[in-house]
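Worksheet: the structure to be examined is printed underneath.
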There are 2 protein chains.
Amino acid sequence: MIAYAQALELLLVEAAVLPAEWCRSADACGRTLAEPLRASSTLPPFDNAAMDGYAFATSGEGLAAGSEHRVAGQLAAGAPSPPDAGSGVWEIVTGAALPAGLDCVVPLERVERLDAGRIRLREAAFAGQNIRRAGSDIAIAGEVAAAGQRVDPALRMVLAALGIERISVRRKPRVALLSTGAELVADALLPLGPGQIYASNASYLEASLHALGAEVIANVALGDDAQAFATQTRRLADQADLVLSTGAVSMGSRDFIPAGLQATGARLLFHKAAIRPGKPILAARLQEGALFVGLPGNPIATAVGLRYFVVPLLRAMLGMPAETPLRASLAAPIRVAKGLRHFLKARLRQSSDSGLVAELLEGQQSYRMGSLLQANAWVALPEDADEWPAGALVDALPRDAGGGWFLD
Amino acid sequence: MIAYAQALELLLVEAAVLPAEWCRSADACGRTLAEPLRASSTLPPFDNAAMDGYAFATSGEGLAAGSEHRVAGQLAAGAPSPPDAGSGVWEIVTGAALPAGLDCVVPLERVERLDAGRIRLREAAFAGQNIRRAGSDIAIAGEVAAAGQRVDPALRMVLAALGIERISVRRKPRVALLSTGAELVADALLPLGPGQIYASNASYLEASLHALGAEVIANVALGDDAQAFATQTRRLADQADLVLSTGAVSMGSRDFIPAGLQATGARLLFHKAAIRPGKPILAARLQEGALFVGLPGNPIATAVGLRYFVVPLLRAMLGMPAETPLRASLAAPIRVAKGLRHFLKARLRQSSDSGLVAELLEGQQSYRMGSLLQANAWVALPEDADEWPAGALVDALPRDAGGGWFLD
């Protein structure tokens, strides 16, 4: 049986980066940059006042405390400066452009207003004070964000500030979902018959895939029908980048996917990995081009397959860097089976000394969703040890596919 | 000038929890539960097999290694059991219901198939093994999630598994945005005139508010027009739960909001707080009912006002608990002005000993967005000290309003 790292590698070498497409900056949150983003202009675009106050031309000399000055007029924000604004003293508001020649801004509260449009300085002032220089925030052609970066509200703001109307992003991965299992009832408004359960894996996958920035192009329930599997897989293989199935990949009597894939001419990448839960996971390249990942049907095995195979795959397709796990110390010892990589539902919290502690939750069985609700993390225990003492440092990833941590 | 904690308190006492409404579970990701969610049924709904294999009726006695048995038939998943299935030996698949009387599941790989439908056990088997008991994951009427919890993919999955088609969530907060400043150009396709800049605060607020689960019902540019402010504020005050403005709350010549609000009969909650950046922040209750928060116009002052006033306010409106900051140790000493609460752009990372370290970024000035792009956190330094040594433990919140941490 193949090890986790090897199985993942076999999948990732098949990942092609998706093509780039243009997207309005206003619609780009959650999309991934296809190219490094360089500033097309400077921020600020021009020298401007950092404070409401008075701008002076001091020829680099500054001004003495108590000095008196006649105010020539007012410099408005967002309007051209008067032609004579390069010398003298001007009332100015925060953000208003500072005409060439003015080299010092004195805030309102450091000025005494006299009559006849005159003012007196309460303190000495220095050339260059309270001025924001053009380009001092973002320089022209400077790299604002790297390729593979997710557009978030801060980047959205900078795109707006730079006047960038459209950006080049990766096309959204198109994912098709196939659920197997005759016992599944997809409609919550239908009552359950004997032996039936409500379908839940597809809901989890769909919500998680949206959070990752993927598009779910199909969500089909197949029952235990191997023929429907073959038909749907062929139909979806040239529309989807990735076909994800749940269930029917183990060795039971209704586990028709391994043979069904073979019959369609798919090239198997691996079947079964030395992991727990989710050992029967399968990956293939369909003849029509899409990748195929067969997730086991137990909900936690589905979640693990998503988090530890599909998320890295989709990140690679989007040109995103691999995730870096956090390190946390185990709150309690645990014993596991050597030779398997264990993925465990965990709750990460901060200890009093600011370090991170991982509590492995009760109810690790792969059918138990209640403990997934309590979890905010997955802890991965590598294959080479079976005894993990309290305090051992382990790798953790955020529970959810979007990649953000929710920590107490 | 009022302290941060007092200012926030004056705002939060005005926060009314929004009314509840029904939402389809399928559409509920990102919504907030209005009531504790109790399980309307158990999970699993019935005793079922944890493995593909054979189910036995052992009357609690278990089975000896090497014992031979005749298989009566197959128990399918999702179908009623045969009437005689409570005794004898049955082939069973993972998840199939275990009829009353069968008390032991032996996995396929521990069984040798003989001829004439007979099997032999490779190992002894124990009553109760490989059985998932009804209710062992989620018990009926148990609290699955607390009121105020955000629906995420894991909760979405459990809602599906429980067959819960609709849930009670808080109505989305309705937020109206008013941007002031004659220098702002909102359309990136227009060239900038002298002294003009592209509007960016509204983009930041809109993207952040969406991430928080709020609805942005208006996004209006007012220029420096006090009359338009009064008109729009009156128009929006009975449609919005919160009116958010940017700019025009300081003491300059075009800072018309404080007086403008007074003229509309608004009740001022506070104006100016002892914080940096963002001191001129203002909050009021509009005569028509909505709350009003006037954010200063500098982009980082806007972001701080959002993160440290508006996010807590919206969380309160949604019935969410207050956020718990993480504690991180300062990477380098810093000196600040005593008496102000400082909110600093920071990068949190994990040190080699698993503790969290906060690097305060270069470029803390309130006009600098470039450093916000580098940040993943805000560090809050309280008012009572001006010297912060390296290694001091400080409070940090995730940079973005959605509340998730992106940590290296």
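What follows draws every value from the coordinates through simple rules; no lab data is involved. What you see is a predicted model, and the numbers here were worked out from it, not measured in a lab. Every residue, glycine as well, gets a Cβ built from its backbone with ideal geometry; the counts of neighbours run over all protein chains shown.
Of interest is the spacing of the C-alpha centroids, which for region A:162-194 and region B:25-80 amounts to 26 Å.
So what is the relative contact order of region B:48-132, in percent, for Cα pairs below 8 Å that sit 6 or more residues apart? Mind dumping the intermediate values first?
On the way: 208 pairs, mean separation 38.4, N = 85.
It comes to 45 percent, rounded to a whole number.
Multiply the residue separation of A:Arg24 and A:Arg122 by 0.36 nm, subtract the distance between their alpha-carbon atoms, and state the gained length in nm to one decimal. Write out the running numbers ahead of the final one.
Numbers: separation 98, 0.36 × 98 = 35.28 nm, distance 4.96 nm.
Full extension of this stretch gives 30.3 nm more.
Region B:87-110 and region A:359-382 have their alpha-carbon centroids 26 Å apart.
Charge dipole (Cα centre; +1 on Lys/Arg Cβ, -1 on Asp/Glu Cβ; no other charges) of region A:1-77 amounts to roughly 120 debye.
Residues B:Cys104, A:Cys29 in ascending order of nearby Cβ atoms (within 10 Å, fewest first): A:Cys29, B:Cys104.
Charge tally for A:Arg349 (other residues, Cβ to Cβ under 10 Å; Lys, Arg +1; Asp, Glu -1): -1. As a proxy for reagent exposure, B:Phe406, A:Phe229 were ordered by neighbouring Cβ count within 10 angstrom, fewest first; the result is B:Phe406, A:Phe229. Below 15 Å, Cα to Cα, which aspartates and glutamates can B:Lys345 reach? Residues fewer than 8 away in the same chain don't count. Result set, ordered by chain and number: A:Asp137, B:Glu359, B:Glu362, B:Asp395, B:Asp400.
Across the identical copies, the 7 Å label point of B:Arg113, projected outward along Cα→Cβ, sits 9.6 nm from its counterparts, in ascending order. Charge tally around A:Arg285: other residues with Cβ under 15 Å, Lys/Arg +1 each, Asp/Glu -1 each, net -3.
With a Förster radius of 45 Å applied to the C-beta separation of A:Ala139 and B:Ile140, the computed FRET efficiency comes to 0.10. Label-point distances for B:Ala322 to the equivalent site in the other copies, using a point 7 angstrom along Cα→C-beta, read 4.1 nm when ranked shortest first. Taking all Cα pairs closer than 8 Å and separated by 6 or more residues, the relative contact order of region B:336-387 comes to 51 percent. Axis-proximal residue of chain A for the rotation onto chain B, reported as residue and distance in whole Å: A:Gly404, 1, based on Cβ position.
First select every other residue whose beta carbon is under 14 angstrom from the beta carbon of B:Ala207; then total the charges, Lys and Arg +1, Asp and Glu -1.
Net charge around B:Ala207: +1.
Straight-distance candidates among the lysines for linking to A:Lys338, with alpha-carbon spacing under 27 Å and chain neighbours fewer than 8 residues away dropped: A:Lys272, A:Lys279. The calculated 222 nm mean residue ellipticity attributable to helices in chain A amounts to -4500 deg cm²/dmol, summing -39500 (n - 2.57) over DSSP H runs of n ≥ 4 and dividing by all residues. The amide H of B:Glu123, built 1.01 Å from its N in the peptide plane, has B:Gly66 as neighbours under 5 Å, considering only residues 5 or more places off or on other chains.
Across the identical copies, the 7 Å label point of B:Glu61, projected outward along Cα→Cβ, sits 11.3 nm from its counterparts, in ascending order.
Under 5 Å from the amide H of A:Ile138 lie the amide H atoms of A:Leu43, each residue being 5 or more positions distant or on a separate chain, with H modelled from the backbone and absent for Pro and chain starts. Using C-alpha pairs below 8 Å separated by at least 6 residues, the relative contact order for chain A is 16 percent. Rounded to the nearest 20, the size of the Cβ-charge dipole of the protein assembly as shown about its Cα centre is 180 debye, with Lys and Arg at +1 and Asp and Glu at -1.
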